[in-house]
């Protein structure tokens, strides 16, 4: 029987079929952070249970960590410091690899895992964090779970997994000048809605997807969860396999293992006649840079457009929160703050895109612009490439890695009423600070906002440079 | 207490995409246990910037203060995976939420903790919310988990729940305990998998060891 890639991955990882909806699903890798794991470890300790396969688990301090550039990072908040020390204690006790607060390679879980070769095609990767869908970019099934399930994973390396439906989103056409995977995914979310993929694992395909770099695919799959998806997948192609071999010396350097792995990866695609429950198709060629205007990621629009009329109570509420009026052009709205970073857009290609727009320009007067690299490795790379020095000279703050102002759980919090151009994934009410207003956009668009002090069509700046 | 019936006042909270960041904001997630989360529930909706109760919030009205049921908008509980949202709602006294749909991770978290989520047809939800808005006395709803039925002034309607989740709710099934029974099968699977696909084995330990061997810059 023909199968989708999603079904192949689930079937291969099924230890036991539990009932019609649920299987016991084996996880190749389980990632943890400091704030959704403590109660899981406590649960294990109450039951007197050990971690079944410690080497298939990894933890990082990411959400609460301060990002100031001091050499030694000290977590000032007592409760947060306890979360970090508690994570270290738990990892030590269970023999779980850790990327601790002052580790050179510390970073956001979804940035460090692929860059250090922990994500490979055909894996199931699970984490107590909703943006685990990121790993579909490499043909690995990734998804987020709660803390009860974190405990279950530690003890059994499996999850009681409720099967999802199959959705395919085909995107053909070439991404136009000035647009990126971020614009693409915001457009898709706006078109299908914040619950448009709820209940489904989405497989992305089409010529626009084929042309994306792996880092761009991370951005796309990362935000699939903002359409409600339970997972996102892209069948691994030469681009994905090239990335994996580059980041996995243990495979690349062992000819026999490499051959076996390549043979397996060649099977990781939906069969030609596989049936999807739902299919969508979009044309990338019509895309313009996208920004969000509201408080849900599906409230998004081209930067060339006017703020839409409210269609329902939730739009009315969002317009009031965002302080925008229907009919006004979104371009030209003044911003106070720029945040560049997160598991969506905190990688080296994102920082290169920022630098390309900034060029010799300066951050606009009155704007505070922060760059928080996704990991220690990204930060070092950007410093080697001269990106850091250039951005600092332009007036950006060059900070240390973490989730930072994406969810404002550390001390990077916006004040009420502050309007932020942000490369993150959620523009929810209060997400970056109570009463703060978030406009999601690509790194290039955020850079354009930083240097102009307002929401700006990045293409106008890029054309000036060309 | 009858474990299959949840009955009481239903507080209307008709906000679409009410995400878990709003259900419990980040400043309440700094603990290492599950204690003290009730205070953070729907904090920005319940309290103003100075910490004073907002009179416009239904949950601050005396009639709804003890409501065990929430009537939510579409896509309730979307966003972050934080299970604190479920623990906090339960500590706040909520036993069931009715909505036309729920965020997927929130749904699993609720089922794993015995917070009942009833996925209700949109038009029934609209009638319920209209009644809740119009009636001078708070609306009451009865959620019958055994019969998978909601009863209210808007009439009686069924709701879907998998047999596994229904059993977990009624019998308090210990999910981890049940899975540990499968440990021999898991270990056999893992041994076979490692043999078959050695490049997927212990990738975390392998990566950490490689990084630890790297010379300092």
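Only the coordinates and a few stated rules stand behind these numbers; no lab work does. Treat the numbers as computed from the prediction; the structure is a model and nothing was measured. Here the Cβ positions follow ideal geometry from the backbone for every residue, glycine too, while neighbour counts run over all protein chains shown.
Work out the mean other chain Cβ neighbour count within 10 Å for the residues of A:138-150 and drop it here as an integer. Intermediate values should be presented prior to the final figure.
Numbers: counts 0, 0, 1, 0, 0, 3, 6, 6, 16, 10, 10, 8, 2.
Per-residue shielding by partner chains comes out at 5.
Expressed as a whole number of Å, what is the distance separating the alpha-carbon centroids of region A:294-329 and region A:374-406?
Comparing the Cα centres of region A:374-406 and region A:294-329, I get a distance of 32 Å.
Could you rank the peptides B:75-84, A:303-312 by their average count of other C-beta atoms within 10 Å per residue, with the highest value first?
B:75-84, A:303-312
Suppose the chain between residue A:238 and residue A:88 were pulled fully straight at 0.36 nm per residue; how much longer would it get relative to their current alpha carbon spacing?
Between residue A:238 and residue A:88, full extension yields 50.2 nm more.
Compute the distance from the alpha-carbon center of region A:187-216 to that of region B:156-217, in whole Å.
For region A:187-216 versus region B:156-217, the Cα centre distance is 27 Å.
Go ahead and run the numbers for FRET between residue B:126 and residue A:306, Cβ-Cβ distance against an R0 of 25 Å, rounding to 0.05.
For R0 = 25 Å, the calculated efficiency reads 0.25.
If you find the alpha carbon centre of region A:66-132 and of region A:408-466, how far apart are they in angstrom?
26 Å
Can you give the translational diffusion coefficient of the protein assembly as shown in µm²/s, computed by Stokes-Einstein from the Kirkwood radius over Cα pairs at 20 °C and 1.002 mPa s?
On the way: Rh = 25.3 Å.
D = 85 µm²/s.
Let me know the mean shielding of A:247-253 by other chains, meaning the per-residue number of their Cβ atoms within 10 Å of its Cβ.
For peptide A:247-253, the averaged partner shielding equals 3.
Across 5 Å bins from 0, what is the distribution of all Cα-Cα pair distances for region A:11-118, in whole percents?
Bin by bin from 0 Å, the calculated values are 2, 11, 19, 20, 17, 13, 8, 4, 3, 1, 0.
Using only DSSP helix segments of four residues or longer, with each worth -39500 (n - 2.57), what per-residue ellipticity at 222 nm results for the protein assembly as shown after dividing by its residue count and rounding to 500?
Helix contribution divided over all residues of the protein assembly as shown: -10000 deg cm²/dmol.
Would you calculate the separation in nanometres between label points at residue A:328 and residue A:21, each defined as 7 Å from the Cα along the Cα-to-beta-carbon direction?
4.5 nm
Can you give the FRET efficiency to the nearest 0.05 for residue B:39 and residue A:68, using r as the Cβ-Cβ distance and R₀ = 30 Å? Each step should come with its number before you reach the end.
On the way: r = 29 Å, r/R0 = 0.97.
Efficiency, from the Cβ-Cβ distance: 0.55.
If r is the Cβ-Cβ distance from residue A:260 to residue A:77 and R0 is 51 Å, what FRET efficiency results, to the nearest 0.05?
0.60
What does the convex hull of the Cα atoms come to per residue for region A:325-424, in Å³?
Working: hull volume 11.4 nm³, N = 100.
It is 114 Å³ per residue.
If I model a spin label at residue A:11 and residue B:170 as a point 7 Å from the Cα along the Cα→Cβ vector, what separation in nanometres do I get?
Taking the two extended label points, one gets 3.4 nm.
Which order do peptides A:387-398, A:288-299 fall in by mean Cβ count within 10 Å, highest first?
A:288-299, A:387-398
Arranged from highest to lowest average of other beta-carbon atoms within 10 Å per residue, in what order do the peptides A:141-154, B:203-216, B:113-126 appear? Walk me through the numbers before you get to the answer.
Values: A:141-154: 26.5, B:203-216: 15.1, B:113-126: 18.3.
The most tightly packed comes first, giving A:141-154, B:113-126, B:203-216.
Just tell me how shielded A:47-56 is by partners: mean number of partner chain Cβ atoms within 10 Å of each residue's Cβ, no decimals.
Rounded to a whole number, the mean comes out at 4.
Could you tell me what percent of the DSSP beta bridges with both partners in the protein assembly as shown are antiparallel, to the nearest 5? Mind showing how you got there, number by number?
Values: 28 of 81 bridges.
Antiparallel bridges: around 35 percent, rounded to the nearest 5.
Take every Cα-Cα distance within region B:5-173, group them into 10 Å bins from 0 onward, and report for each bin the whole-number percent of pairs it holds.
Whole-percent P(r) values from 0 Å outward: 10, 41, 37, 10, 1.
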